[in-house]
Structures are given as C-alpha cells and as structure tokens.
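The values are calculated or read from the model by the stated rules, or taken from the named source; none is laboratory data. Computed from a predicted model, the values in this text were never measured in an experiment. Neighbour counts are summed over all protein chains in view; Cβ atoms, including those assigned to glycine, are modelled from backbone coordinates with ideal geometry. To get the accessible areas, we keep the full protein, side chains included, count just its heavy atoms, and leave off ligands, DNA and RNA. Shrake-Rupley method; radii C 1.70, N 1.55, O 1.52, S 1.80 Å.
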Amino acid sequence: MTTPLPIGVLLSGSGTNLQAIIDAIARGELAAAIKVVISNRADAYGLVRARQHGLPTVVVPHKDFPTREAFEAELIRILQAHHVELVVLAGFMRLLSPVFIRAFRQRIMNIHPALLPAFPGTHAQRQALERGVRIAGATVHFVDEEMDHGPIIVQAAVPVYPDDTEETLSTRILAQEHRIYAQAIQLYAEGRLQIDKQKVIVLDERQSPNLALRSPTSA
Ligand code: GAR
C-alpha cells in the first residue's frame with residue numbers, strides 16, 4: 001500500500017466538508033491522512049468534528065496578529081511542522097496572500113459553492129438566485145492569488161428550482177461538495193492532476209466517468 005497523502009485542513013465554520021473528507025478516508029475511498037485541522041475561529045464546529053475523530057487541532061485567531069503576513073506565517077509554520085503536502089481549504093473564510101500561496105504553490109485546494117468562474121466571493125448561492133441561473137453547482141480548484149480563482153479540478157452541477165431559497169439551494173449544492181472534494185483530493189493523491197497554465201488536466205480521465213457532471217434532472 002502507498003503512503004496516504006498528508007493533508008492539512010483549514011476551516012472557519014461548521015466543517016461538513018471536513019466531515020465528508022474524514023468519512024471518505026474511513027470508507028477507504030480517499031488515500032489521505034489529516035495531519036492537522038486549523039481554524040481561525042475558536043468556536044468553529046469543525047474543530048469539534050476533528051476532535052471527535054482524534055485529529056490534532058490548532059486555533060489561530062487572525063485577530064491576534066498585527067498583519068495578514070504574520071497570521072499566515074503562523075499557518076505556514078504549523079502546516080510545515082505537521083509535514084503537510086496538500087493544504088485543503090474547507091470553508092476557510094480568509095483571503096490568502098501571495099506569501100502563503102508561494103509557500104504551497106499548486107498545493108492548495110479550495111471548494112466553492114458555485115460553478116466558477118461564475119459567482120466568486122461570499123453568498124455565491126444568493127448571487128446565483130438573484131441572477132436567475134437554472135443550473136448552479138460546486139467547484140474544487142487549485143488556489144492562486146485571486147479569490148475563488150485558479151485551475152479547476154472537479155465541478156458538479158445541480159438544478160435551481162423556481163421556489164428555491166438560499167437555504168434549499170445551499171443544501172443541494174453542499175451534497176455535491178461532499179462528493180467532489182474527496183474525489184479531487186484522491187486524484188491529487190494518485191498523481192493524476194497536471195496543471196497546464198490555467199487548466200488542470202486529469203490523467204486517464206476516462207477511468208473516472210463520475211468526475212464532472214451530475215445530470216441536473218437526476219441530482
Ligand atoms: C461550503 O459551502 C464551501 O463551499 C464554502 O463555505 C461552506 C463551508 O461549509 N466556501 C466558500 O464560500 C469559499 N469562498 P462547511 O464548513 O460545512 O464545510
């Protein structure tokens with residue numbers, strides 16, 4: 001058996017994506033090991049989930065640091081001390097500066113509740129409803145210097161219904177997030193992601209028919 005991919009998870013909130021990653025590892029679908037879970041908020045429920053599974057947790061309150069760079073230097077120190085190869089942003093609500101991006105170039109993934117490049121930023125689901133799109137979804141991507149931006153790894157689409165609220169749409173998207181984040185990390189663990197300028201090439205993509213699309217009628 002190959003060594004599991006050492007990952008570090010950064011979060012700020014409820015941590016359902018962390019939970020999905022923990023569950024995928026437990027089911028043997030994801031060959032990764034969570035070395036550390038870091039939150040910038042002490043009250044993030046994701047920390048409770050991590051502790052319930054015996055995972056090391058660290059709280060790094062961004063407000064305790066005079067600058068973004070000082071905050072990020074501490075994040076980098078902790079991730080490196082845990083020998084993290086891939087940084088997984090799972091609802092981490094702080095914009096990362098080029099200093100952090102450079103420290104883990106092409107080794108940071110993010111999940112966003114929209115079909116990027118549409119609707120980056122906060123309240124993506126609300127933005128989608130306001131614009132009346134018929135199809136929404138989720139994106140896992142490598143992180144570059146811009147917010148919710150960078151080479152796209154996996155996307156999943158869901159339908160938008162006329163009576164959707166931000167909550168019902170978010171719930172539908174979240175179910176897909178939980179499916180595709182583990183998939184994207186597993187592709188990385190298998191060494192199947194190649195970055196070509198702004199694009200990700202998935203090696204042997206035909207081996208993974210489930211990768212990209214959910215039919216909107218069946219989601
Ligand atoms: C998820 O919907 C994730 O896509 C979103 O935060 C939520 C975290 O949920 N991330 C972003 O909007 C990033 N711009 P979780 O804490 O339950 O995993």
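Whole-percent P(r), the chain, all Cα pairs, 10 Å bins from 0: 8, 34, 38, 18, 2. Taking all protein chains as present, what is the carbon and sulfur share of the accessible area of region 1-75, in % to the nearest whole number, probe 1.4 Å? So the carbon and sulfur contribution to the accessible surface is 54 percent.
Between ILE201 and VAL133, the FRET efficiency estimated from the beta carbon spacing at R0 = 35 angstrom works out to 0.80.
For region 1-101, the alpha carbon convex hull comes to 91 Å³ per residue, rounded to a whole number. Rounded to the nearest 10 degrees, the angle from helix 166-189 to the longest Cα principal axis of the chain is 60 degrees. Between the Cα long axis of helix 16-26 and the first principal axis of the chain there is an angle of about 80°, rounded to the nearest 10. Ordering TYR161, TYR188 by accessible surface, largest first, gives TYR161, TYR188; the 1.4 Å probe counts only protein heavy atoms, with every chain in place. Expressed as a whole percent, the accessible area of region 96-219 that falls on carbon and sulfur atoms is 51 (1.4 Å probe).
Surface analysis of the chain yields an accessible area of 51 Å² per residue, using protein heavy atoms and a 1.4 Å probe. Averaging the Cα positions of each part gives two centres, and for region 100-114 and region 5-21 these lie 13 Å apart. In terms of accessible area, using a 1.4 Å probe and ignoring ligands and nucleic acids, PHE119, PHE92 rank largest first as PHE119, PHE92. Around the amide H of ALA32, modelled in the peptide plane, lie the amide H atoms of LEU5, all under 5 Å away and 5 or more residues distant in sequence or on another chain. Of all lysines in the structure, the ones whose alpha carbon falls short of 25 Å from that of LYS63, not counting any fewer than 8 places away in one chain, are LYS35.
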